[in-house]
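Worksheet for the structure shown next.
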Amino acid sequence: MRPWFVLVTGCLVLAACHTSPAPPRVSSAPRQMPVGSVKVSGPILSYADVVDQVAPAVVTIRSSRRVREPEQFPFLDDPFFRRFFGGGGIPREGGTQVQQALGSGVIVRADGHILTNHHVVDGAEEIKVDLSTRATYSAKLIGSDAPSDLAVLKITANRLPVLRLANSDQVRVGDVCLAVGNPLGIGETVTAGIISAKGRATGTGDGSFQDFLQTDAPINQGNSGGALVNTRGELIGINSQILSPTGGNIGIGFAIPSNMAQTVMNQLIGKGKVQRGMLGVTIQPVTSTLAASLGLKDVRGILVGGVNPGGPADHAGLKMGDVILKLNGRDMNDANEMRNAVAAMAPGTEVTVTVLRDGKQQNIAVRLGELTPESVRASQEQGGEGPRNASRLGISIVPLTPDLARELGVRPGTQGVVIGSVDPSGPAAQAGLQSGDIIQQVNRQPVRSGDDVRRALQRSGARPPLLVVNRGGQTLFVAVPLQ
């Protein structure tokens, strides 16, 4: 889950492809650089000393793969066209072409381990690494993790310059930062800015784990996988995305914080994959309306929208409608933050979840399971309720309590379930459903819970379900196309 972070109209530029062939490189042995932090005191008139320390540890990555070109005449499979054109003499299959991608990377270990973005090397058949010394190496992919957009490469070299990873939790909004990479293939470039925000998530429902540092340091295509450093020359983030309506820099860039990068990197190097903890609940933010209906004095905590049957939370006794206040004593007010915190723990870890239930706080011990593609699919099939999987409609569902019914302006005794939130890209949003709508029927069947909605949708199959919705005391029929 992620918080509802509304982005301006635009697109996320995730990777940069460099279509021209890489120029020949001159191989030479890399020179050794000292390892350590640059200490800066007093007014900063130049970042040259920082750049001297950082630049040798930032590399250019060129990846390539062969892809099949589209068929020149795909309509020849249609018998109607074959009657007129036939198949002889016309090429049926496309050839292959080499697709190249350009990105950046950071040397994190002197023995040749390099940290970069998953999307820079995704599907690559050949990976080349250019050092600042103009030496070029072939790289081996040690491991790649799509959910965090991180990957680790290895080149055969020793005593390389490295960047020390800072504690990104200590980064503050307003801190000066430098972005180092190879934008648009023009060569290693340094830009300066500040940390504009922390804890950003740029999308919902795609299964990725995001806790971005936002910066206005200019980042462009080709910077992906490069370094975001502080004024001490320490790595605070791996540049990953930009937000732009044109594909060029507009001052909104995002970097994966170094703490997340280090956790993922250590697992990829040690095990070749990343294991993540799973609580087995779907969660959503507590709004002022929900806080009033739940009897909360403050708008705080995270609402449990559903508990996956047979999952860790279910075995421990968590229930739908619980409000999670703390995880291992740490306040939880952001759904994305909690999701990342749980995922960062190893499966089998026992955690203490502090919840508010019926006006009383209680601590519940939960032993985390492992988050796998299979467990995610099972959760979705079992009808867990939350913005990512709620009843296939792209909504979260909360119980209709008497207090909430009064808040929504419906008559006492009204039955149904309440839409807590709507995924802007989901089927429900396309059909015009809104937060606060009360679903009373699905395909003429009364519904009182998320399980009722799930079962009714299963009987619907591929046919668009017909919902009876109560909005502010008025009922209306809504058909929701699922495709």
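The values are calculated or read from the model by the stated rules, or taken from the named source; none is laboratory data. The structure displayed is predicted, hence computed values, not measured ones. Cβ sites come from the backbone with ideal geometry, for glycine too, and all protein chains shown count toward neighbours.
Closer than 30 Å to A179 by Cβ and either at pLDDT 95 or above or assigned to a helix (DSSP H, G or I) (or both): does that describe V98?
Criteria not met by V98.
Between residues in segment 123-152 that are over 21 Å from A343 (Cβ atoms) and assigned by TED's automatic domain parsing to the domain that holds V190 and residues that are aromatic (F, W, Y) and assigned to a strand (DSSP E or B), which pairs lie under 6 Å by C-beta distance while being six or more apart or on different chains?
Here the result reads V129/Y137, each pair linking segment 123-152 to a residue that is aromatic (F, W, Y) and assigned to a strand (DSSP E or B).
Can you tell me which residues in segment 409-465 are at pLDDT below 80, out of contact with any Leu (no Cβ under 8 Å at 6 or more places or on another chain), in a loop (DSSP other than H, G, I, E, B) and surrounded by fewer than 16 Cβ atoms within 10 Å (Cβ to Cβ)?
Within segment 409-465, P424, S425, G461, R463 qualify.
Limited to segment 314-331, what total is found for residues that are crowded, with 22+ Cβ neighbours inside 10 Å and within 23 Å of the chain's Cα centre (by Cα)?
Number of matching residues: 1.
Answer yes or no as to whether L228 is more than 18 Å from the chain's Cα centre (by Cα) and part of a strand (DSSP E or B). Explain how you work it out, then say what you get.
On the way: more than 18 Å from the chain's Cα centre (by Cα): yes; part of a strand (DSSP E or B): yes.
For L228, the condition - more than 18 Å from the chain's Cα centre (by Cα) and part of a strand (DSSP E or B) - is met.
Quick one: count up the residues across segment 164-183 that are modelled with pLDDT of 95 or more, within 16 Å of I252 (Cα to Cα) and of a type outside the set (D, E, K, R).
Summing the residues that are modelled with pLDDT of 95 or more, within 16 Å of I252 (Cα to Cα) and of a type outside the set (D, E, K, R) in segment 164-183 gives 7.
Go through segment 316-355 and give me each residue that's over 20 Å from V299 (Cα atoms) and either hydroxyl-bearing (S, T, Y) or touching a Pro at 6+ places or on another chain (Cβ under 7 Å) (or both).
T349, T352
Collect the residues in segment 231-241 that are within 20 Å of I114 (Cβ to Cβ) and not in a strand (DSSP E or B), keeping them in residue-number order. Can you show your working first?
Here is the first cut: in segment 231-241, the ones within 20 Å of I114 (Cβ to Cβ) are 233-241.
Answer for segment 231-241, where residues must be within 20 Å of I114 (Cβ to Cβ) and not in a strand (DSSP E or B): G233, E234.
Mind listing just one residue for me: the one in segment 428-468 that is under 28 Å from the mean Cα position of the chain (by Cα) and among the polar types (S, T, N, Q) and, of those, farthest from L408 (Cα to Cα)?
Selected residue: Q430.
Taking into account only those residues within segment 342-386 that are in a strand (DSSP E or B) and crowded, with 18+ Cβ neighbours inside 10 Å, which is modelled with the lowest pLDDT? Steps first, please.
Step one: filter segment 342-386 for residues in a strand (DSSP E or B), giving 350-357, 360-367, 369-370.
Then drop every residue that is not crowded, with 18+ Cβ neighbours inside 10 Å, which leaves 351, 353-356, 366, 369.
Working: V351: 96, V353: 96, T354: 96, V355: 94, L356: 90, V366: 96, G369: 93.
Restricting to residues being in a strand (DSSP E or B) and crowded, with 18+ Cβ neighbours inside 10 Å, the top hit is L356.
Considering only segment 411-422, state which residues are out of contact with any strand residue (DSSP E or B) (no Cβ under 7 Å at 6 or more places or on another chain) and closer than 14 Å to R392 by Cβ. Write out each step before concluding.
Keep residues of segment 411-422 that are out of contact with any strand residue (DSSP E or B) (no Cβ under 7 Å at 6 or more places or on another chain), which gives 411-413.
Answer for segment 411-422, where residues must be out of contact with any strand residue (DSSP E or B) (no Cβ under 7 Å at 6 or more places or on another chain) and closer than 14 Å to R392 by Cβ: there is none.
Of the residues in segment 205-225, how many are closer than 16 Å to L165 by Cα and either surrounded by fewer than 19 Cβ atoms within 10 Å (Cβ to Cβ) or over 14 Å from the mean Cα position of the chain (by Cα) (or both)?
Counting residues in segment 205-225 that are closer than 16 Å to L165 by Cα and either surrounded by fewer than 19 Cβ atoms within 10 Å (Cβ to Cβ) or over 14 Å from the mean Cα position of the chain (by Cα) (or both) gives 1.
Working carefully through the options G321, G310, find the one that is farther than 23 Å from L371 by Cβ and assigned to a loop (DSSP other than H, G, I, E, B).
Values: G310 fails: farther than 23 Å from L371 by Cβ.
From the options G321, G310, the qualifying one is G321.
T202 versus (1) without any contact (Cβ under 8 Å) to a residue 60 or more places away in the chain; (2) among the β-branched types (V, I, T); (3) closer than 30 Å to G426 by Cβ: which is the lone unmet condition?
Condition not satisfied by T202: (1).
Strands (runs of 3 or more DSSP E) wholly in segment 105-204 with at least 2 residues that are of a type in the set (A, V, I, L, M), under 22 Å from the mean Cα position of the chain (by Cα) and more than 19 Å from E234 (Cα to Cα) - which ones? Don't jump to the end; show me each part of the working.
Numbers: elements: 113-116, 126-130, 136-138, 140-145, 150-154, 176-181, 189-200.
In segment 105-204, the matching strands (runs of 3 or more DSSP E) lie at 140-145, 150-154.
Within segment 167-177, is even one residue buried (at least 20 other Cβ atoms within 10 Å of the Cβ) and closer than 23 Å to A101 by Cα? I'd like the intermediate steps shown before the answer.
Filtering segment 167-177 for residues buried (at least 20 other Cβ atoms within 10 Å of the Cβ) gives 168, 171, 177.
Within this subset, residues satisfying the condition of being closer than 23 Å to A101 by Cα are none.
Scanning segment 167-177, I find no residue that is buried (at least 20 other Cβ atoms within 10 Å of the Cβ) and closer than 23 Å to A101 by Cα, so the answer is no.
Each row is one residue, and each column tells you yes or no for (1) in contact with a His (Cβ under 9 Å, 6 or more places away or on another chain); (2) surrounded by fewer than 24 Cβ atoms within 10 Å (Cβ to Cβ); (3) assigned to a strand (DSSP E or B).
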| position | (1), (2), (3) |
| --- | --- |
| L243 | no, yes, yes |
| I256 | no, no, yes |
| T263 | no, yes, no |
| N266 | no, yes, no |
| V274 | no, yes, no |
| A291 | no, yes, no |
